[in-house]
Amino acid sequence: MPPSPPVPHTLAAVGLSLGYDSRRIIDDLDLELPSGRITVIVGANASGKSTLLRGLARLLRPESGVVLLDGDDLFGLPGKRVATVVGLLPQHPVAPAGISVSDLVGRGRHPHQGWFGRWSGTDDAVVSAALAATDTLELSARRLEDLSGGQRQRVWIAMALAQDTDILLLDEPTTFLDVAHQLEVLDLLHERNRGEGTTIAMVLHDLNLAARYADHLVVLREGRILAQGDPRDVLTAAVVLDAFGLSARIIDDPVSGTPLIVPIGRFHDNHPRIS
Amino acid sequence: MNDDTAAAAVAAGMGVEALSADRSRRRRRSRRVCLALGGGILLMAVLSLSAGAYSIGPADLVRTLLGLGSGSENFIVLTLRLPRLVLALLAGAAFAVSGALFQGVLRNPLASPDILGVTGGASAAAVYGMLVLGFGGLATSLSAAAGAILVAAAIYLLAWRGGMAGSRFVLIGVGVAFMVQGFLGYLLTRADLRDAQYALTWLVGSVSGARWSDILTVAAGLAVLLPVVWALAGRLRMLQLGDDLATTLGVAAERSRLVLLGLAALLAAVATAAVGPLAFVAFVSGPIARRLLGDGRPALLPSAMVGVLVTLTADFAAQHLLPGGIQLPAGIVSGAIGAPYLLWLLATADTSGKGA
């Protein structure tokens, strides 16, 4: 493991507007990812979560505003250098048919290799540590397509870990996973964050898991930040109603003490609030 | 916590061994495949040089290749058969690498220069140059190369929508292929019979009548293009993971794709200018090689070897294996092999339509 840098990297959006064609998705947004913490971005469908993540990862050029990596415009920096600091796991990553787990995870080393991609002992060590951290070592010789959904997602995360970046962005890393595997993946990321100090920002759909794992919670609505901060302060019934159009009651999660959102809906409110 | 860390370190150490075991297994398989293909190529090369109206035994063949043959042996082997063999070898490799690049970059097995009308564009430009502009041999070859590049550029521009999707590129390419076929048909019906007969060489690829000057041109083209392809193969591996991951991993996806497609079009152009559109060699070689390796790598070298083997075999069959002793251009036989493969690929394509 290379020693972590003395000064942590910072990633921030300033007056950022993003869109496709002429459709504006993210509108004049300011956001600074707290270094060494886990930021979770939540919001209704089409609120701009994935687009924001793509913008932070240099996949989408801003229409206006900038994304700053350590104070420098992300688009002014060489792609390969950015790739050694910021990693992204997309929501639907693709891989060629027949690829083995070790080959796929190994490709995460690309930004650290020279022009002809010579493989080094460090590469082996980092890849193997990434496989071990995601509990996929025994799968290393298997083909990706032969794995179950949960195993596959852990392998993709291993690839992102093998890239060995100080900032890791993940777009819904828990989709298609059952609840046990969701927790497994989130625990894994939590461990990485606490152990290596990796700054993590991810989009999650499940508000309760978001509240539990986030140090910093960002709620998006129509391309703007509706609220951000500690989940305990941010997740109020009013914010949930505003962001999702959903009436909910907020109670304390009996396990973690973080906010637990109990949605109300139209039919099941048999226990009127006692207050 | 400390125990966990120690256990993780031990696991990681075992992991390094497992990784290098995986790697050497992959290398061994790749070496076996290349050796087998190389053996097949050698066999076909010997057969092509020996067989014919005047057959020459292996011992005599070696003697002749060493420059110690009789006058007639020298003429038959060195003047008649060797140029044909060498041209088939170079063109087969060029078509195969071109096809493997198109398919790899666009992540679609249907994306190959013969399906997309790139080689068709070369044929149309060559026939136009010959029949309408009265070009001679060299100018016709140059216009064939220009036609291939022009068609590839046109498809790229038409498929561009602020980003590139492989499926859109393929659909537009197929449309363009029909357009150039229509244009070719028009040219041929307008031409007089003797000219049309001559133009046929540009409709079906053939390595007969190979001259050393043609061979030198193709060889020079490959000597320039293949090292560049080799240097950029790492980017192709990243593009296989999609634009988002490729960009995240530090590869300029759009620019890399443009450069690799440009190289692929140039390879197809060089090969078509020399031997005409050798049907389906570009289309089948990459998928066969990737299937032989089965590890999801672009497999450019094995693809090139499969391309050589397919071309040599097609040409040998076209010369010697047809009933009644008739001889056909190699392109007809390669087409007869490739078309059923296309049907098979379409029939077994998975639900995403991406195929094997």
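The values are calculated or read from the model by the stated rules, or taken from the named source; none is laboratory data. Note that the structure is a prediction, hence the values are computed from the model and not measured. Cβ: placed from backbone, ideal geometry, glycine included. Neighbour counts: every protein chain shown. In case anyone asks, the SASA skips ligands and DNA or RNA and just uses the protein heavy atoms, side chains included. Shrake-Rupley method; radii C 1.70, N 1.55, O 1.52, S 1.80 Å.
Structural remarks
- The distance from the alpha carbon centre of region B:114-156 to that of region A:63-95 is 42 Å, rounded to a whole number.
- Anisotropy class of region B:71-226 from Cα gyration tensor, a/c 1.5 cut: oblate
- Scaling against 2.2 N^0.38 Å puts the C-alpha radius of gyration of region A:127-209 at 1.04.
- Contact residues in region A:55-76 (at least 30 Å² less accessible area with all protein chains than alone, 1.4 Å probe): A:LEU59.
- For region B:188-255: rounded, prolate or oblate by the Cα gyration tensor [a/c cutoff 1.5]: oblate
- Distant-in-sequence amide H partners of A:ASP72 (H built 1.01 Å from N, under 5 Å): none
- Rounded tilt (10° steps) of B:281-293 against the dominant C-alpha axis of chain B: 40 degrees
- Solvent-accessible heavy-atom area per residue, rounded to whole Å², over region B:160-241 at 1.4 Å: 57 Å²
- Complex-versus-alone comparison for region B:244-258, residues with a loss of 30 Å² or more in accessible area, probe 1.4 Å: B:ASP244, B:LEU245, B:THR247, B:THR248, B:LEU249, B:GLY250
- Only protein atoms count toward the accessible area here, which uses a 1.4 Å probe; on the protein assembly as shown, the carbon and sulfur part of that area reaches 61 percent.
- The peptide list B:136-144, B:306-314, A:97-105, B:224-232, put in order of mean Cβ contacts within 10 Å with the highest first, becomes B:306-314, A:97-105, B:136-144, B:224-232.
- Other residues lying with their Cβ under 9 Å from the Cβ of A:THR10 contribute a combined charge of -2, Lys and Arg counting +1, Asp and Glu -1.
- For region B:96-348, with +1 on Lys and Arg beta carbons and -1 on Asp and Glu, the positive-most of B:ALA279, B:SER334, B:LEU226 along the dipole: B:LEU226
- Largest GNM mean-square fluctuation among B:ARG27, B:ARG194, B:ARG168, using chain B with Cα springs under 10 Å: B:ARG194.
- Sorting the segments B:97-105, B:245-253, A:255-263 by their residues' average number of neighbouring beta-carbon atoms within 10 angstrom, most packed first, yields B:97-105, B:245-253, A:255-263.
- The mean accessible area for residues of region A:86-176, using a 1.4 Å probe and ignoring ligands and nucleic acids, is 33 Å² per residue.
- Per the accessible-area calculation with a 1.4 Å probe, the total area buried between chain B and chain A rounds to 2800 Å².
- Net charge of Cβ neighbours under 11 Å - reference A:ALA141; Lys, Arg +1; Asp, Glu -1: 0
- Rounded to 0.05, the FRET efficiency of the B:SER70 and B:GLU17 pair, given R0 = 56 Å and the Cβ-Cβ distance, is 0.40.
- Dividing the summed -39500 (n - 2.57) terms of all DSSP H runs of n ≥ 4 by the residue count of the protein assembly as shown sets its mean residue ellipticity at 222 nm at -18000 deg cm²/dmol.
- Degrees, to the nearest 10: B:82-106 long Cα axis against longest axis of chain B: 40 degrees
- Kirkwood Rh in Å, taken over all unlike Cα pairs in chain B: 21.6 Å
- Calculated FRET value between B:ALA339 and B:VAL174, using beta carbons and R₀ = 25 Å, to 0.05: 0.95
- Crossing angle, helix B:166-190 versus chain B [Cα axis fit, 0-90 degrees, rounded to tens]: 0 degrees
- The slack in the chain from A:GLN91 to A:VAL255, taken as 0.36 nm per residue of separation less the alpha-carbon distance, amounts to 56.2 nm.
- Distance-filtered residues of region B:95-114 - backbone nitrogen under 20 Å, label point 7 angstrom along B:TRP230 Cα→Cβ: B:95-102
- Label positions at A:LEU246 and A:ARG37, each projected 7 Å from the Cα along the C-beta direction, are separated by 2.4 nm.
- Shielding by other protein chains, B:294-302, mean Cβ within 10 Å: 3
- Global form of region A:63-178, assessed from the alpha-carbon gyration tensor, a/c cut-off 1.5: oblate
- Calculated over the protein assembly as shown: convex hull of Cα atoms, volume per residue (Å³): 189 Å³
- Normalised contact order of chain A, rounded percent, pairs of Cα under 8 Å and 6 or more residues apart: 23 percent
- In this rough spin-label picture, where each label sits 7 Å from Cα along the Cβ direction, the B:LEU133-B:GLN197 distance is 2.6 nm.
- At an R0 of 35 angstrom, the distance between the Cβ atoms of A:ASP70 and A:LEU226 translates into a FRET efficiency of 0.80.
- Of the peptides A:149-159, B:108-118, B:33-43, the ranking by mean beta-carbon count within 10 Å, highest at the top, reads B:108-118, A:149-159, B:33-43.
- Relative contact order (%) - criterion: Cα under 8 Å, at least six apart; region: region B:96-348: 30 percent
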